[in-house]
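The values are calculated or read from the model by the stated rules, or taken from the named source; none is laboratory data. On a predicted model such as this, the values are computed, not experimentally measured, just so you know. Methodologically, a virtual Cβ is constructed for each residue, glycine included, from the backbone with ideal geometry; neighbour enumeration extends over all protein chains shown.
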Amino acid sequence: MTRLSADRLARQDILSLREMSARLRGDPTLQEVFDLFLLMLMGRFQLRRIALYIQGSEPTRLWLFHAKGQFPSALPDVIESDVNSSIQQVMLVKDMPVLNPGGMAGRNNLGAAWVLKWQGGGQGGQARCALVYLGVPPDMTFSNVDSVFLELLSRTISRALEGNLGRILDRLRDLERRGDLILQGGAGRRKQRLTREKLLDSRNLQTLQDIAFRFKSGVSLEDIFNTYLLTLMGRLRLKRTALYVSTLPASAYQLLLWKGKEAGEELPDRMDMPDLPPRDSLWLDMKTFPDPVLAGRMAASGYSVVWMLWRSAPVDARGAGPPRVSPDALVFMGGAADLTFQPSDVKFMEILNVQITNILTLLDSMGDAGPRPIAEWDKNISVLIRDRAQAEDSLSGGGIAHRVVYRPSHKVGGDFYDFHRFADGSVGVAVADVVGHGIAAAIWTSAMREHLREIVNRPAAGSPPEPAWVLEELNRVLIQNLKNEIPLSICYGVVDPARNLFTYASAGIDFPLLIRPNSDKIFELPAGGLFLGCLPDARFSQESAPIQRDDILLIYTDGFQPAFTARWRRQILQEVQGQGSLDSLDLIAQQLQILADRRMADDDDKTAVLLRLSSAPASAPSDGGHRIDLPSDVRHLPALRLFMDNVLAEAVSVSPDDYFAITFTTEDAVVNAIQHGYQSVPTGTVTIDVSRREGRLSVAVRDAGCGFEFDPASIPKFAVEDELYRDSGRGLYMMHQLMDGVEITSRPASGTSVLLTKRLRGDSARGA
Amino acid sequence: MALDLEPLGETSGILRVGGDVRPENIEGYRKKLYEVCEQKNYILHIDMTGVEHLSSWAIGVTALAAQKIRQNGGDLKIYAAGENLKRILKFSRLEMIIDSGGTAPPSGS
């Protein structure tokens, strides 16, 4: 399966799981939950039959709860099977006789069984099991993508079964009444209690996402403002709202829309407001309104608060920058009594306003006049045209040159990028891709960009923050949303001009590229993790890559991926050879722009950010270290291999034999850390540091796992026949055979450190 | 990794591995090998065409499989190993217990 196919399958899986999660959010019966569950599996794996057995009060006794498809023979209602002895989640029936009691699985061509476990409902709920028999061939193999899908599906179902549904199962004495089970009372699907604030936060995002979906098929300006006002009224329980939009002259506002019950006098069609406060005051009540006469009139009409929408760029806090401009719109709001806002209300309005004003910003002028008063627009006109890449003021003068190429596939897009400057001069860069296109995705990207900015600016974040931590925090935001249905792929990195370092983490996005003009290849910078918003405890590997003065970093979304063929990469390298560094940056940006403007059959948003240090010394590749942090999961080993590939490609004296020795033993040391240090639990971190000095390469592999009492005498020598048939110990043995130095430091409960050293002997670079 | 078992008769067969055996995909390799090794008097030929890498874990699994199959009266052989794989078999000393220099068995053997 090609990488692209596996990625597409993974994306389809995620969308399917999201749809399933959404359908489980009502008050489903147990029947509905398991119906959906089994149908999902049947569709995914093209099964002819599937059967679900659930553990009863006796742990070895399972009851047939649900089955679908056609079976060659009758399924028994009850089977005796010790599922607790199962060692893996999915097993082939022929490997585990315990799964085939009385031959029932064999007779019915059920080749595999999947153990589903969840915690029963309520305090002290018991661990429960179910067996799902899959109608697959007896020698079926499950790919990595299949395994990830099953894990995610397992979690989705487990969440649905915790709480009230699980309590019902716990009380079951007679499964024959399974079809009559109806959920009683409210479903407490989440184990943790939600505070009112958290619930309102979740509803904020849910409401904003509802808006996003409403705009899927295109939107007019009138739609935007109608939705805006109705959303405010619903969310804040307003009786009435009135929207005044900017017109000419700049201090004038014209009534565009009003909704709700009008009380008292009619609203003025127009108002002139020259003395509105500066941008940092986003709302006013009528008591502080600068025009007391108008304030009195609006108050008499039942409006007590006005919220100001600013479309234009903010004024710089130091007073530099563009002069204060008038708000683009005034939103008068009235409720049953004087309005007061909770922090969550304010947060909601801020995010909603950012979303709306971002859309307004994207509206191009009808000609070349630039931003115009909103009243000048035809309110029936559709949102149009794309956002052209703008130079980011935050990077100017910071020792980093950059270019951005951005082209949404529709009028607006689901990609976004952002820059964050930190006190030490480093710069954070984010490139992200929301699954989807058009207005829906564009609105969601606004919310995500705001959350990302909030995260990196937290006091606890550190300055600069660790990229992997940033992704984990953003993932937590997405997971906590009750109705999160839009996964996000993202790369977040920090460019440090002082240390010539790029530290980054990515989730579900193509690897960033390092273009070194005088090299013969473009390096991929590996670091990986699943899309954000899929798993609550997702981990992300973080890597640091040294960068030199002429190096160009290219971070991009998958809209560009089909065009980045091997031929294109060779062509880019040829073209930048011998160019000045800034010329190279422009040249690559031009090439990307050509690709972006080229329409493809399966068109997607395209975003590419190019970065180059403008002041780093043009030195030879340093002997400075490279580091990668990997979650303790063998599925991240491909990232390790690419990391080692890139590191060793920089060293000019690595022979094929040295390459084999270093990569083989490093991977073994990492696998040992995962399997023995962390017992294959994926919540740990394995750190790999590679450095080169005086012709000697060192690899240090460290974990904070359980450690052990290391005795060098215990390393097998594989000298006698009995030892030669051992299934363990070869890794350590081969380290000592292949490397010039092996130092292992470990103590129980204190983690393990393995230092491997190799004197580099070869004069030629590693062969292709 | 394909892991295709082609029977050559009732008591022999070719296991075509088809790709590298690494920690991420070793379970299938292990299961297939151990399943075959349970059979009595079975001669298993492992076709390593296209295999550039065996992790040390996979090496250990292969060694144990060889022991099991021989205890059951059969044998295990490797063929079509490339240079990279031969280097691994040499440094791991697996070549001391498993013949890896042979050729593909004739069909029906």
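One residue stands out among those in segment A:203-254 that are under 28 Å from the mean Cα position of the chain (by Cα) and basic (Lys, Arg): the one that is modelled with the lowest pLDDT, which is A:216. Pairs linking a residue in segment A:670-697 that is farther than 18 Å from residue B:23 by Cβ and in the same structural domain as residue A:748 (by TED's automatic domain parsing) to a residue that is assigned to a loop (DSSP other than H, G, I, E, B) and among the charged types (D, E, K, R), with Cβ atoms under 6 Å and 6 or more positions apart or on different chains, are A:692/A:623; A:693/A:623.
Note on segment B:27-58: among residues that are more than 9 Å from chain A (Cβ to nearest Cβ) and closer than 24 Å to residue A:735 by Cβ, the one that is farthest from the chain's Cα centre (by Cα) is B:52. Counting the residues of segment A:529-549 that are at pLDDT 75 or above and either out of contact with any strand residue (DSSP E or B) (no Cβ under 8 Å at 6 or more places or on another chain) or polar (S, T, N, Q) (or both) gives 4. Would you call residue B:16 within 17 Å of residue B:88 (Cβ to Cβ) and touching a Ser or Thr at 6+ places or on another chain (Cβ under 8 Å)? So residue B:16 fails the test. Total residues in segment A:540-590 satisfying the condition of being surrounded by 17 or more Cβ atoms within 10 Å (Cβ to Cβ), among the charged types (D, E, K, R) and not in a strand (DSSP E or B): the figure is 3.
Among what's in segment A:88-117 and is part of a loop (DSSP other than H, G, I, E, B) and surrounded by 17 or more Cβ atoms within 10 Å (Cβ to Cβ), pick the residue that is farthest from the other protein chains (Cβ to nearest Cβ). Of everything passing the filter in segment A:88-117, A:108 is farthest from the other protein chains (Cβ to nearest Cβ). Taking segment A:694-706 as the range and being within 18 Å of residue A:753 (Cβ to Cβ) and either at pLDDT below 85 or of a type in the set (Val, Ile, Thr) (or both) as the test, the residues that pass are A:699, A:701. Scanning segment A:657-687 for residues that are more than 9 Å from chain B (Cβ to nearest Cβ) and more than 25 Å from residue B:27 (Cβ to Cβ) gives A:658, A:659, A:662, A:687. The residue pairs whose first member lies in segment A:719-732 and is more than 8 Å from every other protein chain (Cβ to nearest Cβ), whose second member is of a type in the set (D, E, K, R), and whose beta carbons are closer than 9 Å, counting only pairs six or more residues apart or on different chains, are A:719/B:93; A:723/A:717; A:723/B:93; A:732/A:668. Restricting attention to segment B:1-13, the residues that are of a type in the set (Asp, Glu) and either facing chain A (nearest Cβ under 10 Å) or touching a residue at least 24 places away in the same chain (Cβ under 8 Å) (or both) total 1. Within the bounds of segment A:47-67, is there any residue that is within 30 Å of the chain's Cα centre (by Cα) and either modelled with pLDDT of 80 or more or hydrophobic (A, V, I, L, M, F, W, C) (or both)? Scanning segment A:47-67 turns up no residue that is within 30 Å of the chain's Cα centre (by Cα) and either modelled with pLDDT of 80 or more or hydrophobic (A, V, I, L, M, F, W, C) (or both).
Within segment A:277-290, restricting attention to residues that are farther than 19 Å from residue A:241 by Cα and surrounded by 13 or more Cβ atoms within 10 Å (Cβ to Cβ), the residue that is modelled with the lowest pLDDT is A:279. If we keep just the residues of segment B:72-94 that are more than 10 Å from chain A (Cβ to nearest Cβ) and assigned to a helix (DSSP H, G or I), which is surrounded by the fewest Cβ atoms within 10 Å (Cβ to Cβ)? Top of the filtered list is B:86. All of A:438, A:413 fail the test of being at positive phi, within 20 Å of the chain's Cα centre (by Cα), modelled with pLDDT under 85 and crowded, with 21+ Cβ neighbours inside 10 Å, apart from A:438.
Checked against (1) within 11 Å of the chain's Cα centre (by Cα); (2) free of Cβ contacts under 8 Å to residues at least 12 places away in the same chain, residue B:16 meets all criteria but (2). For segment B:36-62, residues that are under 19 Å from residue B:84 (Cβ atoms), in contact with a Phe, Trp or Tyr (Cβ under 8 Å, 6 or more places away or on another chain) and among the aliphatic types (A, V, I, L, M) total 4. When segment A:647-668 is filtered for residues that are surrounded by 21 or more Cβ atoms within 10 Å (Cβ to Cβ) and more than 21 Å from residue A:545 (Cβ to Cβ), the ones remaining, listed by number, are A:658, A:661, A:664, A:665, A:668.
Screening residue B:61 against (1) among the β-branched types (Val, Ile, Thr); (2) at the interface with chain A (Cβ under 9 Å from one of its Cβ atoms); (3) in contact with a Gly (Cβ under 9 Å, 6 or more places away or on another chain) leaves a single unmet condition, (3). If the condition is being farther than 26 Å from residue A:661 by Cβ and in a loop (DSSP other than H, G, I, E, B), then segment B:29-70 contributes B:38, B:39, B:40, B:41, B:42.
A single member of A:721, A:667 is modelled with pLDDT under 85 and under 21 Å from residue B:59 (Cα atoms), and it is A:721. Every listed requirement among (1) within 22 Å of residue A:345 (Cα to Cα); (2) of a type in the set (S, T, N, Q); (3) modelled with pLDDT under 75 is met by residue A:304 save one, (3).
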